[in-house]
Every structure is written in structure tokens, then in C-alpha cells.
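The values are calculated or read from the model by the stated rules, or taken from the named source; none is laboratory data. Bear in mind the structure is a predicted one, so any value in this text is a computation, not a measurement. Methodologically, a virtual Cβ is constructed for each residue, glycine included, from the backbone with ideal geometry; neighbour enumeration extends over all protein chains shown.
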């Protein structure tokens, strides 16, 4: 699953008003001093909740030395995805200041793909069918 349309995010978020509240809170965070506390997992979380392709914010690793030493092309996205699934819930939701709760995060986790080596290889080759 690379994108969630509004038909899939509506049950996750619960109400249409939450979309607007999410956008307002995100604008406050990214334009304020707390923007430096945002990690890639927060950007992935926001993109997925909005129904956007969450992979677009991550550039594949092309540095030959890193690749030769075992890095995956989609390392950044995979680390962020892993933090979404296994990271501290309070830390993930802190920038959204109560707009999104733990139950909403659990519903989102259920539809986002889990981190795996096969996903790492497929994710940036465009072969993954995670819908």
C-alpha cells in the first residue's frame, strides 16, 4: 500500500473534520520551532493519513559505497516505516497534538506494509503490490 485514498482514510481517521484539523496542526508544526523535532516517520505518517504516496518523500540511496556496505536503496523509507510500526506511540503522535489518537495510529499501522527485506528490495523497483 503506497497510497490511501479518502475512501480508505475516512474509516481510519473517523470524521471528515479530522482531515482539516490534521492539516491545520501540521501547518503549525512545520512552520514553528518544533519543526526540528520532526523525523521522517512523522512525514510518512502525515502523508499516509492524507492519502498521499508516502514513498515520494524519500530519495533512494545511490551512494555506491553505502550500497556496497549493505545499505538498501530505500533505507530511509524503511527506517521510517519501521518507526511507524514499532516506535513509541507518544513520540509519533506528539507533533499532532491530540488530533490523532492511539486507536487511529493502530488502524493506520494495520494498512501500512510491515518492514521486511523483500519490501526493501521491491519498494523502489516498483515491483511491490502493497495495496
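For residues that are within 17 Å of residue 113 (Cα to Cα) and at pLDDT 80 or above, tally how many sit in segment 56-73. Residues meeting the conditions: 3. I'm trying to understand the selection: among the residues of segment 40-71, which are out of contact with any helix residue (DSSP H, G or I) (no Cβ under 7 Å at 6 or more places or on another chain) and over 21 Å from residue 13 (Cβ atoms)? Residues satisfying the conditions are 59, 60, 62, 63, 64, 65, 66, 67, 68, 69, 70, 71.
In a helix (DSSP H, G or I) and either exposed (fewer than 13 other Cβ atoms within 10 Å of the Cβ) or modelled with pLDDT under 90 (or both), is that true of residue 93? So residue 93 does not fit the description; no. Of all residues in segment 6-27, those that are loosely packed, with under 11 Cβ neighbours inside 10 Å have Cβ atoms under 9 Å from Cβ atoms of residues that are modelled with pLDDT under 70, 6 or more apart or on another chain, in 16/6; 16/10.
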